[in-house]
Amino acid sequence: MAKGPVLFICVENAGRSQMAEAFARKHGLNAQSAGTIPSSKINPIVVQAMHERNIDISNNHPKTLTPEMIEQASLVVIMGCSIEEACPKPIIAQMQKKLIEWHLKDPKGKLLEEVRKIRDEIESKVRDLSTSTEVLHAMSS
């Protein structure tokens, strides 16, 4: 039986973690995303940037991170804790989950040109993750 998904977490689940989830799925990974303080909607500039990669996230909605999501995950990737109080690292550590931290800029309030750079960095990191032997082992039975 396969283990749970890669769980991508950012504060609002409106940008970075949504892009990471979409790229992970494109690369064949079981993935989901969530936020510690979710926004009411996906960042429209992020939707536009992903559309340029032929990935439609326009119908996605920000999701609230739950303990169950962390428990079910085979790997947790934090996209950057821009709000220290909202950072889930202590909870993830308590649950003894494998954690990777990516220090990425938040696309919130950024112009499309900068969001493209963030998107491309996320795509590169997800591609590397999808071919990592360690990650594939963590996700297999």
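What follows draws every value from the coordinates through simple rules; no lab data is involved. No experiment lies behind these values; they were computed from the predicted model shown.
With θ taken as phi - 60° and the Karplus curve 6.51 cos²θ - 1.76 cosθ + 1.60 applied, the whole-hertz 3J(HN,Hα) list for region 49-62 is 4, 6, 4, 5, 9, 6, 10, 9, 10, 5, 9, 6, 10, x Hz, x standing for glycine and proline.
Report the gain in length on full extension from LYS117 to ASN59: 0.36 nm times residue separation, minus Cα-Cα distance, nm rounded to one decimal. Working it through step by step, the gained length comes to 18.6 nm. Summarising the amide proton neighbourhood of ALA31: residues at separation of 5 or more, or on other chains, whose placed amide H is nearer than 5 Å comprise VAL6.
Cross-linked pairs LYS63/LYS98; LYS3/LYS41; LYS3/LYS105: Cα-Cα separations exceed 23 Å for LYS3/LYS41; LYS3/LYS105. Our estimate of slack between THR131 and LYS105, defined as 0.36 nm per intervening residue step minus the Cα-Cα distance, is 7.0 nm. In straight-distance terms, cross-link reach from LYS26 covers every one of the aspartates and glutamates whose alpha-carbon lies under 18 Å from its own, apart from those fewer than eight places away in the same chain; here that gives GLU52, ASP56, ASP120, GLU121, GLU123, ASP128.
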